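The block underneath contains the structure these notes are about, expressed in structure tokens.
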Amino acid sequence: MPKPNLPTAIRLWNAATGFQEAGEAAYEKLRSPGYIGFVSMPVVFLFARSIELSFKACLRQHTVDPKIFAKTLGHRLDRIVKEADRLGVCTALELSREHRSTIDAIAEDYSDKWYEYPEHFWRPRPKVEELRSAAIFLSARAQTYVAPKKTAS
């Protein structure tokens, strides 16, 4: 089966929003009175994945080369944010120092795919509320950045 084509910016943003909404649902469960369970790792993953895809949606506005997404960036938040900086995306999105710091703090562990093989938990435990805030912010700002009138083919 051949690899699918590189999604448009809008499709990437739609996926980012889906992960952010799923993160919200799981977050509500995590915060519900009396909840005892294991949803905290999926909550962190869902918000981190939303952040990754929000950035990729914005980066997609600048390139149609699928190799950049598959080989150069992959799921490496550090590389994704560095490329977003280089292209002026972080400035255009008005990414705050606080959100940038939150994203930088989880980048390595997220890229290591700890959520797929959770033998070791996060080195520094991520602050879920801060990660949630960054995901919500980026999803909303990315929507404006990749408005349909700007979508590249």
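What follows is calculated from the coordinates using simple rules that are stated; it is not laboratory data. Keep in mind that what you see is a predicted model, and the values were worked out from it rather than measured. Neighbour counts are summed over all protein chains in view; Cβ atoms, including those assigned to glycine, are modelled from backbone coordinates with ideal geometry.
For the range 9-147, the relative contact order works out to 35 percent when only alpha carbon pairs closer than 8 Å and six or more residues apart are counted.
Longest exposed-loop-site-free stretch of the chain, with GluC sites (Glu not before Pro), DSSP loop and at most 13 other Cβ within 10 Å?
On the way: sites that count: E94, E116, E119.
For GluC sites (Glu not before Pro) (loop position, at most 13 other Cβ atoms within 10 Å), the longest site-free span of the chain is 1-93.
At a Förster radius of 35 Å, what calculated FRET efficiency corresponds to the Cβ-Cβ distance of T91 and I36, to the nearest 0.05? Spell out each step's value before the answer.
On the way: r = 43 Å, r/R0 = 1.23.
It comes to 0.20.
The long axis of helix 77-86 is offset from the longest Cα principal axis of the chain by roughly 40 degrees. Against the main long axis of the alpha-carbon atoms of the chain, helix 128-145 sits at an angle near 20°.
Could you tell me the ratio Rg/Rh of the range 9-147? Both radii from Cα atoms, Rh via Kirkwood. Walk me through the numbers before you get to the answer.
Values: Rg = 14.5 Å, Rh = 15.1 Å.
Value, to two decimals: 0.96.
With a Cα cut-off of under 22 Å and a minimum spacing of 8 residues unless on different chains, the lysine pairs in the chain number 18. Sites listed here are trypsin sites (Lys or Arg not before Pro) in the range 31-118 whose DSSP assignment is loop and whose Cβ has at most 11 other Cβ atoms within 10 Å: K113.
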